[in-house]
Structures are given as structure tokens and as C-alpha cells.
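One structure is given below, encoded as C-alpha cells.
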Amino acid sequence: MTVSQSQNFMRVPKATFRAHIADGLRNAILSGEIAPGAQVTEQSLAEQFGVSRGPLREAMRQLIDEGLLVTVPYTGTHVVELSVEDVREIYSLRVTLEIFAFELVWSQRDEGFRRGLLARHDALTHCIDAQDDVGSIHAELQLHGFVYEASAHKILIKTWESIRGRLQLYWAAHHRAHGIRGPRRDGHDSYVATALGEDLAAMRAEIHNHMARGGQQTEDFLLGLAKHKDPATFA
């Protein structure tokens, strides 16, 4: 992060410090500016953002809850690091969860569901056109999260929320693996069209196919990082 970014945070009213600091940290993590596995400390981040440790500590706690940071006893707080096993587990769990979510809502889809899903798809397309990589990660999360919200299944929604942080890290790694800023512009066209169609079996197949696309390249990318990794510390 640059000095100018820190100055921007200093002009923010105190009541919104935490949200802005959390946004800044999240963006830095997802963009790769703070590397996976890097250690983060309150002192260095407080100096970087030009804020007191109180709101910074709250922002860090928020990112821990989101699954982007993890605190390990005696070693400090680090950016979560994805392994190939993590990617495979995310894939298998997401397939199961998302199929279940669509099974729950399939007979209840209405005009509101159609409008809501299309609005989130439009938001994702806008971020892709603007080459806003971090924005596209958030928008893709919102698009896929729509069916969970529509299900109104509390435990399912909590389970979805529990993997959101690692999913964001997965997408960030996926984009770097492909050398792109966001997903393909047409990458969700089939997903959305099938979700608004009449064939539930086709939706199940689409979920499997959609989540498998590019998975091997992401695994290869993470394996390459593991081979050439230098310890990174943001302290």
C-alpha cells in the first residue's frame, strides 16, 4: 500500500475506520499485495494506514471471521494460504452445497428470483469490463451467494459464509493462474441461463462443469508457488 492510500484512510471519519481498513486489507490480500502466508502485525498496519490500533484490531478480527486471516498461537496472524488440497475440498464442498441450494429453491423461483440473479450477473459483468479484479471477486461471490440467500436455509447460509474467505482466495489464485483480471466475461452466461431454465438435472450438471473449469490450472499454479516460495512477511 502506498502513502497516498494511508492518507486517504486518515481523512475517513472515525466511525467508518473499521470498514475502510477492512476493505483496504481485503483488497491488498486478494490482489496479492500482501502475499498468502504473510505475517501481519498491528503495529506495522497501524503505521501503514495511519490509524490507531483499536479500529485496526476490529478490522483484523473481521477478516479472521471472513477466513482471510488466521491467528496461530505463538506465531502471530497470517494471511490464509491455500493448498492444492484446499482447492479440491472447496470444489467438492461447493458442488454439494450449491446443488442442494438450487434443489431447495427450484420450485419457488419467481420473477423476483430472476431479476435478482440477473442484477448480480450484470454487476459482475460491469466489474469485468472495468478490469476491477478485486471487485469482480466480490461480485462473483455475490452472484453465487444469491441462491443460498434465496433458500432461506439458515445452516446452509452459515456454511456458505464459512467458506467465503477461502473461496475469495481461490478465485484470486485462479485469476493469477490464468493471467487475467477477473473471470471470463461470458463465464457465467450458461450458469445464469440454466439457473433460470426448467431443467434441474441440467443445473446439477452445470454446477459440476462450472466449478471444474480452470481447476487444474489453479492447482498447477499453487504447486508452482510451493516450489519457488520465499517466506514473505508483512511486519
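Structure notes:
- Every residue from segment 173-205 that is at pLDDT 95 or above, of a type outside the set (S, T, N, Q) and part of a helix (DSSP H, G or I): 189, 191, 192, 193, 195, 200, 201, 202, 203, 204, 205
- Residue in segment 146-155 that is surrounded by 18 or more Cβ atoms within 10 Å (Cβ to Cβ) and touching a Gly at 6+ places or on another chain (Cβ under 8 Å) present: yes
- Only a single criterion out of (1) touching a residue at least 12 places away in the same chain (Cβ under 8 Å); (2) under 24 Å from residue 29 (Cα atoms) is not satisfied by residue 130, namely (1).
- Segment 49-62, residues that are over 20 Å from residue 168 (Cα atoms) and surrounded by fewer than 18 Cβ atoms within 10 Å (Cβ to Cβ): 50, 52, 53, 54, 57, 58
- Any hit, segment 182-199, residues being under 23 Å from residue 63 (Cα atoms), surrounded by fewer than 17 Cβ atoms within 10 Å (Cβ to Cβ) and within 16 Å of the chain's Cα centre (by Cα): no
- Checking segment 109-130 against the condition returns no match, with no residue being under 29 Å from residue 42 (Cβ atoms) and either within 16 Å of the chain's Cα centre (by Cα) or open to solvent by 80 Å² or more (accessible area, probe 1.4 Å) (or both).
- All positions within segment 134-166 that are more than 15 Å from residue 90 (Cα to Cα) and among the hydroxyl-bearing types (Ser, Thr, Tyr): 136, 148, 151
Condition check ((1) open to solvent by 20 Å² or more (accessible area, probe 1.4 Å); (2) more than 19 Å from the chain's Cα centre (by Cα); (3) modelled with pLDDT of 85 or more) across all residues:
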{"position": "36", "(1), (2), (3)": "yes, no, no"}
{"position": "47", "(1), (2), (3)": "yes, yes, no"}
{"position": "64", "(1), (2), (3)": "yes, no, yes"}
{"position": "72", "(1), (2), (3)": "yes, yes, yes"}
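- Hits in segment 99-119 (condition: among the acidic types (Asp, Glu) and under 21 Å from residue 211 (Cβ atoms)): 103
- Residue check for residue 22: in a helix (DSSP H, G or I) and within 14 Å of the chain's Cα centre (by Cα): yes
- Checked against the criterion of being farther than 30 Å from residue 207 by Cα and at pLDDT below 80, the candidates 10, 60 yield just one match: 10.
- Pairing residues of segment 148-174 that are under 18 Å from residue 219 (Cα atoms) and touching a residue at least 24 places away in the same chain (Cβ under 8 Å) with residues that are open to solvent by less than 20 Å² (accessible area, probe 1.4 Å) and of a type in the set (S, T, N, Q), at Cβ distances under 8 Å and at least 6 apart in sequence or on separate chains, gives 170/218; 173/218; 174/218.
The values are calculated or read from the model by the stated rules, or taken from the named source; none is laboratory data. Since the structure is predicted, the reported quantities are computational estimates derived from the model, not experimental observations. Cβ: placed from backbone, ideal geometry, glycine included. Neighbour counts: every protein chain shown. All accessible areas refer to the heavy atoms of the entire protein, side chains included, with ligands and DNA or RNA removed. Shrake-Rupley method; radii C 1.70, N 1.55, O 1.52, S 1.80 Å.
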